[in-house]
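The values are calculated or read from the model by the stated rules, or taken from the named source; none is laboratory data. Everything numeric in this text was worked out from a predicted model, so none of it was measured. Reconstructed Cβ throughout: ideal geometry from the backbone, glycine too, with neighbour counts over all protein chains shown. SASA here: full protein model, heavy atoms, side chains in, ligands and nucleic acids out. Shrake-Rupley method; radii C 1.70, N 1.55, O 1.52, S 1.80 Å.
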Number of protein chains: 2
Amino acid sequence: MIIRDYNEAKNTSRKVEAEGWTSVRLLLKEDGMGFSFHITTIHAGAELPMHYQRHLESVYCMSGKGSIESRLTGEVTQIRPGICYALDQHDPHILRAEEEMQMACVFNPPVTGTEVHDASGAYPLPADDA
Amino acid sequence: MIIRDYNEAKNTSRKVEAEGWTSVRLLLKEDGMGFSFHITTIHAGAELPMHYQRHLESVYCMSGKGSIESRLTGEVTQIRPGICYALDQHDPHILRAEEEMQMACVFNPPVTGTEVHDASGAYPLPADDA
């Protein structure tokens with residue numbers, strides 16, 4: 001059994017940051033679960049164009065308020081606690097936070113933790129490792 | 001993109017119940033994500049021996065208080081918000097809730113939603129579909 005504590009992990013290299021978001025990777029590929037599991041905080045006011053070209057991702061909103069816009073269809077869906085979205089088509093999208101949002105995210109295939117980040121700190125567009 | 005709302009889904013057949021717990025399956029096998037994603041509520045006072053023999057499961061505590069005991073090692077870990085456990089060895093375990101706990105659960109392979117439940121409403125021991 002693997003035990004991880006978000007409140008410890010957020011002070012370690014499991015926490016990654018970019019402009020507009022921070023993500024704490026509680027389970028990575030090396031854990032052998034076949035998915036990775038991240039607690040991601042989207043900062044208030046963030047507007048994040050994203051496109052996971054090699055991963056499927058599901059996101060469950062635990063707190064906060066915002067929206068997601070599909071860049072395939074233009075459709076905008078409000079996000080609030082209890083909303084889950086799944087990018088089953090590798091959908092390019094824009095995530096917006098009106099208030100800080102805390103999200104539980106699952107990636108398949110699992111993130112390894114060594115994916116390259118945008119060193120400029122710019123918006124992660126196309127990103128593959130939130 | 002798939003959008004699901006916990007607050008709607010909990011009033012549909014996505015919600016399954018047994019003694020001590022209820023689970024709302026927001027993503028199932030048919031969604032094609034390669035995992036299933038459930039919001040599971042463990043009722044206060046529940047003591048649930050479980051053993052997922054065919055699935056790997058990770059669980060993230062969003063609220064509440066309890067513990068998990070490994071039936072392999074006897075080790076007991078306190079559960080509170082922010083704790084994540086992953087049953088990477090198909091670990092048989094006992095989950096106990098001191099207070100109602102709400103958990104975000106990921107299963108690999110994904111649950112189909114048609115797994116057979118214990119019709120008696122008894123503890124799900126060995127269960128494969130929480």
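Taking the Cα centre of the protein assembly as shown as reference, the dipole from Cβ charges on Lys and Arg (+1) and Asp and Glu (-1) amounts to some 60 debye. Spin-label model, B:LYS10 to B:GLN78: label points 7 Å out along the Cα-to-beta-carbon direction sit 2.7 nm apart. Counting only other chain Cβ atoms within 10 Å of each residue's Cβ, the peptide B:87-97 averages 2. Plainly put, the tip 7 Å out from Cα toward Cβ on B:GLU47 is 5.6 nm from that tip on each other copy, the closest given first. So what is the relative contact order of the stretch A:14-67, in percent, for Cα pairs below 8 Å that sit 6 or more residues apart? 26 percent.
For the peptides A:20-27, B:79-86, residues were scored by their other Cβ atoms within 10 Å and the scores averaged per peptide; the highest-first order is A:20-27, B:79-86. Is the shape of chain B best called rounded, prolate or oblate, per the rule: a/c under 1.5 gives rounded, else a/b larger than b/c gives prolate, else oblate, with a ≥ b ≥ c the square roots of the Cα gyration tensor eigenvalues? Because its axes are fairly even, with a/c under 1.5, chain B counts as rounded.
A straight line joining the Cα centroids of the stretch B:1-53 and the stretch B:58-74 runs 17 Å.
Mean partner shielding of peptide A:32-41, defined as the number of other chain Cβ atoms within 10 Å of each residue Cβ, is 5. Where a ≥ b ≥ c are the square roots of the eigenvalues of the C-alpha gyration tensor, would you call the protein assembly as shown rounded, which needs a/c under 1.5, or, failing that, prolate if a/b is larger than b/c, or oblate? The shape class here is prolate. For chain A, build the charge dipole from Cβ charges (+1 Lys, Arg; -1 Asp, Glu) around the Cα centre, then report which of A:ALA44, A:HIS90, A:VAL24 sits farthest towards its positive end. The residue sitting most towards the positive pole is A:VAL24. With all protein chains in place and a 1.4 Å probe, the accessible surface of the stretch A:26-111 carries 44 percent carbon and sulfur. Other protein chain C-beta atoms within 10 Å of residue C-beta, averaged over B:78-85: 5. Taken per residue, the accessible surface of chain B reaches 42 Å², heavy atoms only and a 1.4 Å probe. The dipole here belongs to chain B: it is taken about the Cα centre, uses +1 on the Cβ of Lys and Arg and -1 on the Cβ of Asp and Glu, and is about 220 debye.
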